[in-house]
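For reference, the structure discussed in these notes is given below.
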Amino acid sequence: MPWTKDDYPDTFKNTGTDVRNKAIEIANALLREGYEEGRAISIGLSQAREAIEGKAEDRPHFEIRARDDDWVLKKKSASSVIYKENTKSALLDKAKSYVSEHDGVLMVYREDGTKEQTLYE
């Protein structure tokens, strides 16, 4: 299903207009090439951000990590905590919105400290 400027994936909602329009363009092209919808969305958004905002290295990086009995969101290499929650899923909901608003990259870690995923690259 091709997307338009008025009808696009929820993932594109927290982006600027320029990035969203570019992501729609790229994702639609990927769909035409036979990519699965979820993959087209992910690649389209990543490539659009890079094209419009620059490489991920130039953007702020945030981390979700376990700390004591809580989960915390903090800027990479910073000691101050932005958000703290009892569960990872509750923190992830807040963190996604915060990181999107700050055009950042979010690295999510498992309780054992290994990297689970990176969002908004």
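The values are calculated or read from the model by the stated rules, or taken from the named source; none is laboratory data. Quick caveat: nothing in here was measured; it's all calculated off a predicted structure. Every residue, glycine among them, receives a Cβ derived from its backbone with ideal geometry; neighbour counts consider all protein chains shown. Just the protein is used for accessible areas: all its heavy atoms, side chains included, with ligands, DNA and RNA removed. Shrake-Rupley method; radii C 1.70, N 1.55, O 1.52, S 1.80 Å.
The figures follow:
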item: Hits in region 92-117 - residues which are among the β-branched types (V, I, T) and farther than 17 Å from W71 by Cβ; result: V105
item: Selection count where residues are in a helix (DSSP H, G or I) and open to solvent by less than 80 Å² (accessible area, probe 1.4 Å), scope region 18-51; result: 23
item: Region 1-17, residues that are touching a residue at least 12 places away in the same chain (Cβ under 8 Å), surrounded by fewer than 19 Cβ atoms within 10 Å (Cβ to Cβ) and more than 14 Å from the chain's Cα centre (by Cα); result: M1, P2, T4, K5
item: Pick from region 100-118, criterion over 14 Å from K76 (Cα atoms) and among the polar types (S, T, N, Q), ranking: modelled with the lowest pLDDT; result: S100
item: Lone qualifier among K94, K84, K74 - being closer than 26 Å to Y109 by Cα, in a helix (DSSP H, G or I), among the basic types (K, R) and at pLDDT 90 or above; result: K94
item: Single match in Y109, Y120 (criterion: over 12 Å from the mean Cα position of the chain (by Cα) and surrounded by 12 or more Cβ atoms within 10 Å (Cβ to Cβ)); result: Y109
